[in-house]
Every structure is written in structure tokens, then in C-alpha cells.
Amino acid sequence: QTMADRIPALVKASSPQGFASDWLEFSPGKGFTPSEIGSYDSIRVYLWAGMLDQSTPGRDAIVSVLSGMTTWLRSHPAPPEKVKRDGTVTSPSGPVGFSAAVLPYLAAIGDKPLESTQVSRMESGLDAKTGLYGRPARYYDQNLILFALGWTERRFWFDASGALKLWWRDGAVPKSHE
């Protein structure tokens, strides 16, 4: 419980400009600081933060400190691939899996227009012949899309304590998905 209580502060420490970083570094006397860049590891922060149940303690604090992504998406069609610790975007167009990964986050903040843009981007990357996303299709993108779509299609979700719920086993869909 102590670790769970500290997660909002850790996410905040790793996101000084509103963008999650790939890793946190700890230095005695200095505490936690974000790693130099946010990219392929950090995109999962938006995915998992967005999937938190609305009544999970600290959820709103976690989601709110990630506002750099929201600001970026208001004027850009895709999530950035790489962002430096100071908030400078060094690679502006992330792969199609990044668009999927931000869907739960955008749902959590209730931004339907941004969500729609990312769904369109993701769907335009679908190869009808293979059923895979992206050109070329990459393993990491498929995994991000699998988790994002599984959650957005209500195939699974997490309750307030973090327990995994499955539609075929647990039946009822949470109100946050209605």
C-alpha cells in the first residue's frame, strides 16, 4: 500500500513538462529525477494510467500530470516518438501503436475529439491483408494496440484495487466504460 500511495508522486517526478519519461533515476539527497528521454518505454505510462478505474486512489493526480501529451495532440496528428526531459520533442511522429496507447488516457480525460483523431490514425494504419497495423507492421505496435483495443472494447478492465476483470468471466462492464 505504501508503494501504491507513492505512485502519483513518482509519475509527477518523471513528468516535469507533462510528458512521461522512460525511466526514473534516484540519487541520494536528490531524490527521483526523470531520465533524459521519453519514448518507447514511457508511452506505456499513458496506456496504463488511462486504464485505471475512476475510483483508484491517485488516478486523477496521475492523469493530470501527463498534460504535456494533451497539449501536444491538440496541434499535432500523432503522439511524439521521443521527448527530452525539458519537454523538447525530438521526434514528432510516433508509430501507430503510440496512437493506440494514448486512447485510454484520452478517454480518462474525456477528450473525444483527440480520441477520435487517434482512432482514425490507428485505423488508417490497418493492413487489410494481414490484419496488422503499421507499415511495416512492428511487434511493439501490435502489443500496444492489443492492450488498448482490449480495454476500449471492454474485453478487460481493472477495478479500483487493480484486479484484472474479464468480460467473459466477470460479466458486468464498469460504469467508466459505459
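The values are calculated or read from the model by the stated rules, or taken from the named source; none is laboratory data. In this text the structure is predicted, and so the values were computed from the model without any measurement. When we count neighbours, we look across all protein chains shown, and the Cβ atoms used for this are built from the backbone with ideal geometry, even at glycine. Only protein heavy atoms, including side chains, enter the accessible area calculation; ligands, DNA and RNA are left aside. Shrake-Rupley method; radii C 1.70, N 1.55, O 1.52, S 1.80 Å.
Over 14 Å apart: what share of the alpha carbon pairs of the stretch 83-154 falls there, rounded to a whole percent? The proportion of pairs with Cα distances above 14 Å equals 61 percent. A simple count of charges around residue 159, restricted to other residues whose Cβ falls under 10 Å of its Cβ and scoring Lys, Arg +1 and Asp, Glu -1, yields -1. Here the extension length gained between residue 124 and residue 40 equals 28.1 nm, from 0.36 nm per residue of separation less the Cα-Cα distance.
Averaged over its residues, the chain has an accessible area of 54 Å² per residue, based on protein heavy atoms and a 1.4 Å probe. For residue 93, the residues 5 or more places off, or on other chains, whose built amide H falls under 5 Å of its own are 81. Normalising the average separation of contacting C-alpha pairs (under 8 angstrom, six or more residues apart) by the number of residues puts the relative contact order of the chain at 20 percent.
If I take R0 = 22 Å and measure r between the Cβ atoms of residue 161 and residue 61 in this structure, what FRET efficiency does the formula 1/(1 + (r/R0)^6) give, to the nearest 0.05? Display every interim value, and only then the final one.
Numbers: r = 17 Å, r/R0 = 0.79.
Calculated value: 0.80.
Taking the Cα centre of the chain as reference, the dipole from Cβ charges on Lys and Arg (+1) and Asp and Glu (-1) amounts to some 100 debye. Sequence-ordered 3J(HN,Hα) estimates for the stretch 65-79 from the Karplus curve with 6.51, -1.76 and 1.60 and θ = phi - 60° stand at 6, 9, 5, x, 5, 4, 4, 4, 5, 5, 10, 9, x, 9, x Hz, glycine and proline given as x. Label-to-label distance, residue 88 versus residue 25, with points set 7 angstrom from Cα along the beta-carbon direction: 1.6 nm.
Each part gets one Cα centre, and for the stretch 89-122 versus the stretch 22-83 those centres are 13 Å apart.
Listed here are the pairs 82/112; 12/112; 30/112; 84/112; which of them are more than 32 Å apart at the Cα?
30/112, as the Cα separations exceed 32 Å there.
A straight chain from residue 140 to residue 71 at 0.36 nm per residue would run longer than the Cα-Cα distance by 22.4 nm.
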